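Undergrad: One structure follows; several queries about it will come next.
The values are calculated or read from the model by the stated rules, or taken from the named source; none is laboratory data. Note that this is a predicted model, so its numbers are computed, not measured. Backbone-built Cβ (ideal geometry, glycine too); neighbour counts: all protein chains shown.
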């Protein structure tokens, strides 16, 4: 049995109700203990290069940079990173990303 915590985030327990500043991008969530919401901050992932959180839907992976059929598309970057900030792309990766955006 899960405990319904209403408008709170089940991870950080902060208020996600309208006007709280955490209403946008929240998603319904539950774990084995709580039922409520998950805020965007708690859904963020850490950058594999700098370790800082990446805002929701702002991460860049090789799949975003390399075109269909390029074997690098399904692998990690050369340094083993997979999910990074735009600011953490190498100069070459950033250049390839600009090209990929033109084809998108």
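Undergrad: Of the conditions (1) free of Cβ contacts under 8 Å to residues at least 12 places away in the same chain; (2) within 19 Å of the chain's Cα centre (by Cα), residue 98 clears all except one; give me its number.
TA: (2)
Undergrad: Given the conditions (1) over 30 Å from residue 77 (Cα atoms); (2) crowded, with 17+ Cβ neighbours inside 10 Å; (3) modelled with pLDDT under 95, and given that residue 2 satisfies all but one, which numbered condition is not satisfied?
TA: (2)
Undergrad: Take residue 59 and decide whether it is more than 24 Å from residue 3 (Cα to Cα) and surrounded by fewer than 16 Cβ atoms within 10 Å (Cβ to Cβ). Lay out the reasoning, then the answer.
TA: Numbers: more than 24 Å from residue 3 (Cα to Cα): yes; surrounded by fewer than 16 Cβ atoms within 10 Å (Cβ to Cβ): no.
No; evaluated as a whole, the condition is false for this residue.
Undergrad: Under 7 Å between Cβ atoms, which residue pairs at least 6 apart in sequence (or on different chains) link something in the range 16-38 that is surrounded by fewer than 15 Cβ atoms within 10 Å (Cβ to Cβ) with a partner that is outside any strand (DSSP E or B) and at pLDDT 95 or above?
TA: These pairs meet every condition: 17/23; 31/10.
Undergrad: Also, quick follow-up: Checking the condition in a loop (DSSP other than H, G, I, E, B), surrounded by 13 or more Cβ atoms within 10 Å (Cβ to Cβ) and over 13 Å from the mean Cα position of the chain (by Cα), which residue from 76, 93 passes?
TA: One residue alone meets the criteria, 76.
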